[in-house]
Structures are given as C-alpha cells and as structure tokens.
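Step one of this worksheet: look at the structure below.
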Amino acid sequence: MKFSVLTLFPEMFEIMKTSIIGRAIEKGLVNIELINIRDFSKNKHKKVDDTPYGGGAGMIMMPDVVYDAYSSVKTDNSKVIYLSPQGKTLNQEKVKLLSNEEHIILLCGHYEGIDQRVLDEIVDEEISIGDYVLTGGEIPAMVLIDSVSRYVDGVLNEESRKEESFANDDLLEYPQYTRPEEFHGMKVPEVLLSRTP
Ligand code: 4G1
C-alpha cells in the first residue's frame with residue numbers, strides 16, 4: 001500500500017520509520033512517499049502562503065503550489081484525502097475501508113488552511129481525527145497511516161491478527177497484567193494466575 005504525503009514538514013514523518021510501521025516499510029509492505037510542498041513554489045523566496053481575501057488573521061496556503069505538488073504524485077487510482085477539522089471523524093470502520101485503497105494521497109494543511117479552490121478540484125474526501133485545534137495536518141496524517149497500515153497483509157504478526165477479530169475490533173478489552181505477580185501490594189487477579197506467562 002502506498003501513501004504519498006503532501007506536507008510543508010516532511011521531517012515530522014521520520015518517526016514513522018520506528019516500530020511496527022518502520023518494519024512494514026523495510027519489508028516493502030507499506031511505502032510512504034514524502035513530498036515537500038515548498039519544493040513546488042515558483043517564488044524566489046520559496047513562498048507557499050499568502051494573506052486571506054476578506055481579511056482575518058494568519059496565512060492561507062496558495063492553490064497553485066499545492067496543485068503542482070499533487071500533480072507530481074497523482075496516478076489513475078489515487079484517492080486524495082485532506083486532513084481537516086471540518087472532515088468526518090475517522091473511526092475503525094473507515095480505517096478498514098481505506099486499507100483496500102492502492103494509493104492514498106494525504107494533504108496536510110498548515111497556517112489557517114488551504115485555498116478552497118484547489119481543495120474543490122483535487123480532494124476526494126475530508127477526514128478529521130477529532131475536535132480540537134492543531135497547528136497542522138501532519139499528526140492526523142500519521143494517525144491515519146498508522147491505523148490503516150495495521151490492516152495491510154503481513155504488517156501485524158499472526159497473534160495480533162487472531163486477537164484482533166475478537167478483542168480490538170470491538171474496542172472492548174479486559175485489563176491486562178504481566179509479571180511480577182505482585183506490584184506495589186496489588187496482585188494479578190487469581191483467575192489469571194494458572195495461565196501464562
Ligand atoms: C477550526 C484537528 C480550526 C485539527 C476548528 C483535527 C480546529 C486535521 C485536523 C481548527 C486539524 C477546529 C484534525 C484547526 C487541522 C489547517 C492547519 C487546519 C491545521 C488546522 C476545531 C488548524 N484532523 N487543523 N485548524 O485546528 O488540520 O485532521
């Protein structure tokens with residue numbers, strides 16, 4: 001499964017090379033292509049944003065720069081997702097559906113957002129990770145990549161997969177314990193002691 005991330009801060013995604021997703025990348029199961037939107041600025045100062053028509057605070061990302069970044073990665077079977085607080089909130093059902101996509105292009109906003117015209121032209125779907133204010137769409141993009149990649153064949157070990165259909169999918173799990181049998185005076189429930197570790 002391939003993700004192409006359009007962002008002003010590609011370095012933020014280095015963290016994805018660690019842990020389970022990192023291993024999936026090494027195995028070639030997941031491919032994360034990072035596109036720095038700033039590379040598509042035609043301006044000599046590499047400007048990517050401008051003041052909003054109608055006034056107001058902050059800056060808006062310019063449509064042409066975003067469009068050119070998009071054009072550099074789009075194929076005939078790409079799905080373009082704009083991470084946005086206005087989108088429908090991501091849930092596990094949506095995560096599963098997205099795992100069937102071949103190529104997902106993730107557009108990350110910064111400042112006060114992106115010029116509406118380029119969004120109208122290129123975005124297939126707007127998705128939010130929740131109702132709070134963030135400084136950019138990068139962390140939401142990583143949340144989506146992490147949650148969707150778990151469903152790509154071979155990313156999780158067999159154990160986690162089997163457990164998944166019973167426990168995680170219901171988002172209902174029992175409290176978990178490991179050694180020691182007693183911690184700060186609290187014991188592992190008696191019923192669990194006859195079973196591993
Ligand atoms: C108005 C939160 C603006 C934020 C109302 C969840 C938040 C992307 C998300 C904002 C963002 C509320 C998300 C806000 C996000 C452009 C740059 C939008 C960052 C931006 C409740 C800033 N899930 N936020 N605006 O946070 O991108 O996906």
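Where a number appears in this text, it was derived from the coordinates with a stated rule and is not lab data. Everything numeric in this text was worked out from a predicted model, so none of it was measured. Cβ coordinates were reconstructed from backbone atoms using ideal geometry, including for glycine residues, and neighbour counts include every protein chain displayed.
As a ratio to 2.2 N^0.38 Å, the alpha-carbon radius of gyration computed for the chain takes the value 1.27.
So what is Rg over Rh here for segment 13-128, counting just Cα atoms and using Kirkwood for Rh? Taking Rh as the inverse mean 1/r over Cα pairs, Rg/Rh reads 0.99. Dividing the mean sequence gap of close Cα pairs (under 8 Å, 6+ apart) by how many residues the chain holds gives a relative contact order of 24 percent. Charge dipole of the chain (Cα centre as origin; +1 on each Lys and Arg Cβ, -1 on each Asp and Glu Cβ, all else neutral): 440 debye, rounded to the nearest 20.
If you take the alpha carbon atoms of segment 60-129 and fit the smallest convex hull around them, that volume is 80 Å³ per residue.
Rank the residues ARG23, ARG150 as a footprinting-exposure proxy: fewest other Cβ atoms within 10 Å of their Cβ go first. List each step's numbers first, then the result.
Working: ARG23 14, ARG150 19.
Ranking ARG23, ARG150 by Cβ neighbours within 10 Å, fewest first, gives ARG23, ARG150.
Secondary structure note: in segment 1-139, about 10% of the DSSP beta bridges are antiparallel. As I understand it, the dipole of the chain uses +1 on the Cβ of Lys and Arg and -1 on the Cβ of Asp and Glu, about the Cα centre. Which of GLY136, LEU83, ILE35 lies farthest toward its positive end? The residue sitting farthest along the positive end of the dipole is ILE35. Distance between the modelled labels on GLU182 and ASP50, one decimal in nanometres: 7.2 nm (7 Å Cα→Cβ projection). The H on the amide N of MET59, modeled in the peptide plane, is under 5 Å from the matching H of GLU112, each at least 5 residues off or on a different chain.
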